[in-house]
Structures are given as structure tokens and as C-alpha cells.
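What follows is calculated from the coordinates using simple rules that are stated; it is not laboratory data. All values derive from a computational prediction rather than experimental measurement. Note that each Cβ is placed from the backbone with ideal geometry, even for glycine, and that neighbours are counted across all protein chains shown.
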Amino acid sequence: MFNERITIIRIRKPLRTTLNEELQWFCNSLGLFNLRDRDKSCFRVFIELLKAAKLRHPLSSDEIASNLNLSRGTVIHHINNLIERGMVSQIRTKYLLRQAKLKDLIEDLRRDSEKTYTDLEKGADRIDEMLGL
């Protein structure tokens with residue numbers, strides 16, 4: 001069974017920003033942060049995977065943990081969330097963003113969302129029919 005959780009949060013984008021602020025806005029808009037992640041470890045894992053994607057070099061959880069001075073458990077937790085959101089692919093024991101370019105990643109997520117809405121519409125139509133609506 002395939003499950004993917006896509007979260008979109010509409011956040012006003014600041015007018016003038018640095019690259020880091022743009023990336024934070026991007027990740028916030030995708031719901032990658034939560035209040036428990038005080039040291040922004042998910043953001044840091046995402047950025048590490050973004051750097052690796054640019055080089056087309058998958059990373060192991062141990063490499064990410066070492067590069068970011070995080071525990072392997074923390075890295076695995078965030079990678080699993082990113083996989084669940086459809087952003088990260090696993091290649092054997094290594095990880096890479098699903099797309100190297102963020103625009104391509106968003107286009108993939110959009111297609112996934114549209115497929116989900118289509119499936120929901122068909123299901124709603126069947127349920128309405130069953131209910132005689």
C-alpha cells in the first residue's frame with residue numbers, strides 16, 4: 001500500500017530575503033518544521049540532501065548524521081518523514097531528494113496531489129451514488 005502525506009501551508013513570503021530565508025520559507029510552506037524541532041534538524045537534513053542532490057551523490061544516514069553532528073536516530077526520523085512526504089528517495093542504504101531541482105520536486109508533488117484529488121473525486125462520486133445523492 002502506498003501512502004504519501006503532502007502538506008502545504010500558505011505562508012506569506014517576505015519581500016526581501018536571503019537564500020537561507022528563502023529556503024526556510026520553502027520548507028515552512030511544505031510543513032517541514034514543527035515546534036518540537038527546536039534546532040531545525042529537519043531543515044538541516046533537507047539542506048544536506050539538497051546539496052547531495054546537486055552533486056547527484058546519495059548519502060547514508062550515518063554520513064548525514066556525521067556532517068550535521070546529529071544522532072543517527074534523529075536523521076532517520078527526519079528522513080522517514082521526508083520519504084513519507086514524497087520528497088526523498090531511498091537507493092539501497094542511501095538517500096537523495098526525489099528531484100535535484102526544487103522546481104521539479106514541487107512539480108512532482110503537484111502531480112501526486114492532483115492524482116489524489118482525482119481519486120477522491122471518483123470515490124466521492126461513488127459514495128454519493130450509493131447514498132442516492
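Over the residues of the chain, the helix contribution to mean residue ellipticity at 222 nm works out to -19000 deg cm²/dmol, using -39500 (n - 2.57) for each DSSP H run of at least 4. Charged neighbours of Thr74, selected by a Cβ distance under 15 Å, balance to 0 (K, R count +1; D, E count -1). When the charge dipole of region 1-83 is built from unit charges on Cβ atoms (+1 for Lys and Arg, -1 for Asp and Glu) and taken about the Cα centre, the candidate among Ala52, Asn34, Thr18 whose Cα reaches farthest toward its positive end is Thr18. Among the trypsin sites (Lys or Arg not before Pro) within region 1-75, those in coil by DSSP and having at most 13 neighbouring Cβ atoms inside 10 Å are Arg5, Arg10, Arg12, Arg16, Arg36, Arg38, Arg56. The local environment of Glu107, defined by Cβ-Cβ distances under 12 Å, has a net charge of +1 under the rule Lys, Arg +1 and Asp, Glu -1. Only Lys, Arg, Asp and Glu carry charge here, each on its Cβ (+1 for the first two, -1 for the last two); on that basis the chain has a dipole of about 600 debye about its Cα centre.
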